[in-house]
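Chemist: Please find one structure pasted underneath; my questions will follow.
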Amino acid sequence: MRWPKLVVGLLALGIFCYAFLYIWPWVGPVIARHPAHLLSAILDSVLQPHPDQGIGKYYPAVLLGSAAIMYVVISYDLKMRKRSTHGTAHHASGSEARKYYAPRSAPKFQRPGRALQSFSPGGSRQREQHYLYLGKHRGRSVALGEQQQYQHLLLTAPTGAGKSARFFIPNLLRETGLRSLFIADLKNELYKVTAGWLSQSMQIWLFAPTQPTISAGYNPLAHIRSVEDAQDFAETWVANTSKNEKDSFWDTNSRLLISAMALHLLATERAPAFSRVADILTTQSYEQIRDMLRTTRSHDARYIALQFIESMEKNERLVGSQMSDTGNRFQLLASPNARAVTSTNTIDFEEMIETPTAFFLSIPRTATKRYRPLMACLTQQMFAAWEQRGTNGIGCYLDEFTNLGYIPGYAEFISTARSLKVSLLMAIQNFSQLNERYGKNDADTIKANAVTHLLLPGAGLEETKYYSERMGDTTVATETVNRRGYGLSEEITSTQGETRRRLMTSDELRTMPEDQMLMIEAKSPALLLTTKLYFTEKQMVERANWPYQVTRVRPEPEQPAPASYAQGLPAAPHTRRQEPPIVVDGSTEEEEDDDQASQYIQPE
């Protein structure tokens, strides 16, 4: 506490000045006479009132009153002073949180009437800093600057806590084209609410594999330019189609075969559709595939295939099982929708580096598990392209991060993404999802490399216990009252002491008010922020749900790729109907309509 020290200091200074001005005229003559008992003579002279000396007649009362005030202030300070015997954890004060406060002057935005025109790459681009808004602390908006965002953020919240309505949508509606965005919309709600606003300052890409008529095209083969790219693709696909946690014989051979087949197709066919990999692996016999890879004109494909063939020759009894295992990993391409969106490629990850782009990966919740291998490959190849070129600043809004699948090397990428000016804003429901997808070691690395952590109410025991321990211990005063005897002879005594407790217990974190959010930054005390649902703020409501017509659509191939199986799955019928404006509420954000046909405006 600073104010007790200030009060005591002022009183001491006042007493000193008072003594110098009014005591010295009486003390000086006494000292000059040199009496035998100098101290007694000085006290007698000082403590006696002097009515003829103006204010000096009040000196004894002033002295005793000032001493009493100092005693009270010092006693209060000692009693209320924060102890540090068992810990010094505390919530951030105003001065400690000041570095996170957003500038008081909000930027001015121009808003056209309707959002029906796509972004023009030739337009001007502002260079001011973009802030990521988190909430309010003591009435001031708390936001992270770009450098703080490059240190990454991890948001933990259970289903229905309001991750979209309190964090993702408000921040997407504040984006103004200062950087490109990758938005993992794995509940099919962010695109509908924010694409119209974002189209005013950047071009919009939509990859919606369940809606091929309006989706951009993504062909993983189009992004393979080297042996390393082929191996990374094969590793990602196998990791997200494997049921075994440990690297097995089947996984190793599948990686070899898939990477060799990808290199072979790129060397022998012009812009092969992705379904060609599945067609060959599911319709050709082992002998046909072996001969094909032995005679391919791709040296790299022959070299990798040789390892696969040698492994099969040593385990001839397992050839059938291995081919069946590898073919089954491409069950996704039995879907006409999946074959259509991967038949051509219109997505250029390097273009996002030069031109402000909002790239939506939009998949309904019910289809995320089925499309997980494709989503993981897209994310892995996108990150690899950024690593090779560097970026001018890209923000990744990764809602339901673990549903993107396992991305090989992500634990290493997150530690180097800061130098690439890539911010990773990850949201998960619980730590067990992260541990299951990446393993405990990589999950711990991901959590450690996210410098800023956010926690919404309702989290589970593991999450609340983790953040309770991370916030640390504080020292609190205790008082024990003892009673002895009865009636008039009763004796009451009290004993004061100190003890240790968590700054916030697991239960206190779990039961936070629904509009509160905990923010923990690596080098600062914890902050309790107040958040708002986006549809309760006038400015956000004005920007939400603007209509946007898809302009970058996957072109139809000249000849559709053949089916991987004799009988393919029938395509879902497409219908159009009008819907009211979308309102994403935290309590209903997980409810989805299985009919996805009406979620976008179809191109005319």
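Chemist: Out of the residues in segment 516-537 meeting the condition of being within 17 Å of H453 (Cα to Cα) and surrounded by fewer than 17 Cβ atoms within 10 Å (Cβ to Cβ), tell me which one is nearest to the chain's Cα centre (by Cα).
Modeler: A522
Chemist: When you scan segment 345-382, how many residues do you find that are outside any helix (DSSP H, G or I), under 18 Å from L181 (Cβ atoms) and under 23 Å from the mean Cα position of the chain (by Cα)?
Modeler: 9
Chemist: List every residue pair whose Cβ atoms lie under 9 Å apart, where the two residues are 6 or more positions apart in sequence or sit on different chains, the first residue falls within segment 447-458 and is assigned by TED's automatic domain parsing to the domain that holds S506, and the second residue, located anywhere, is assigned to a loop (DSSP other than H, G, I, E, B) and β-branched (V, I, T).
Modeler: Within 9 Å, the pairs are L456/T531; P457/T511; G458/T159; G458/T511.
Chemist: Same structure again: Within segment 408-419, identify whether any single residue is closer than 28 Å to P170 by Cβ, at pLDDT 95 or above and small (G, A, S), and answer yes or no.
Modeler: No, segment 408-419 contains no residue that is closer than 28 Å to P170 by Cβ, at pLDDT 95 or above and small (G, A, S).
Chemist: Suppose the filter is out of contact with any strand residue (DSSP E or B) (no Cβ under 8 Å at 6 or more places or on another chain), at pLDDT below 95, of a type in the set (A, V, I, L, M) and surrounded by 17 or more Cβ atoms within 10 Å (Cβ to Cβ); does A367 pass it?
Modeler: Yes; evaluated as a whole, the condition is true for this residue.
Chemist: Then there is this: Which one of the conditions (1) of a type outside the set (A, V, I, L, M, F, W, C); (2) surrounded by fewer than 18 Cβ atoms within 10 Å (Cβ to Cβ); (3) part of a helix (DSSP H, G or I) does T464 fail to meet, given that it meets all the rest?
Modeler: Here T464 meets the rest and fails (2).
Chemist: Looking at segment 401-419, is at least one residue touching a Leu at 6+ places or on another chain (Cβ under 6 Å) and not in a helix (DSSP H, G or I)?
Modeler: No, every residue in segment 401-419 fails to be touching a Leu at 6+ places or on another chain (Cβ under 6 Å) and not in a helix (DSSP H, G or I).
Chemist: Report the residue count in segment 267-284 for those that are over 16 Å from M323 (Cα atoms), among the hydrophobic types (A, V, I, L, M, F, W, C) and either without any contact (Cβ under 8 Å) to a residue 60 or more places away in the chain or assigned to a helix (DSSP H, G or I) (or both).
Modeler: Going through segment 267-284 one residue at a time, the tally reaches 1.
Residue by residue, here is whether (1) in contact with a Pro (Cβ under 9 Å, 6 or more places away or on another chain); (2) outside any loop (DSSP other than H, G, I, E, B); (3) polar (S, T, N, Q); (4) surrounded by 24 or more Cβ atoms within 10 Å (Cβ to Cβ) holds:
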{"site": "E128", "(1), (2), (3), (4)": "yes, no, no, no"}
{"site": "L134", "(1), (2), (3), (4)": "no, yes, no, yes"}
{"site": "Q148", "(1), (2), (3), (4)": "no, yes, yes, no"}
{"site": "G160", "(1), (2), (3), (4)": "no, no, no, no"}
{"site": "F167", "(1), (2), (3), (4)": "no, yes, no, yes"}
{"site": "G177", "(1), (2), (3), (4)": "yes, no, no, no"}
{"site": "A184", "(1), (2), (3), (4)": "no, yes, no, yes"}
{"site": "G196", "(1), (2), (3), (4)": "yes, yes, no, no"}
{"site": "S201", "(1), (2), (3), (4)": "yes, no, yes, no"}
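Chemist: Separate question: Looking only at residues that are part of a helix (DSSP H, G or I), closer than 30 Å to Y467 by Cβ and out of contact with any Ser or Thr (no Cβ under 9 Å at 6 or more places or on another chain) in segment 55-102, which one is modelled with the highest pLDDT?
Modeler: Checked segment 55-102; the qualifying residue modelled with the highest pLDDT is R98.
Chemist: Restricting attention to segment 420-450, and to residues there that are among the β-branched types (V, I, T) and assigned to a helix (DSSP H, G or I), which single residue is surrounded by the most Cβ atoms within 10 Å (Cβ to Cβ)?
Modeler: Filtering first and then ranking leaves I446.
Chemist: Could you check segment 231-278 and list, in sequence order, the residues that are over 26 Å from T295 (Cβ atoms), hydroxyl-bearing (S, T, Y) and surrounded by fewer than 22 Cβ atoms within 10 Å (Cβ to Cβ)?
Modeler: Scanning segment 231-278 gives T241, S242, S248.
The values are calculated or read from the model by the stated rules, or taken from the named source; none is laboratory data. The structure displayed is predicted, hence computed values, not measured ones. Here the Cβ is made from the backbone with ideal geometry for all residues, glycine too, and neighbour counts use every protein chain on show.
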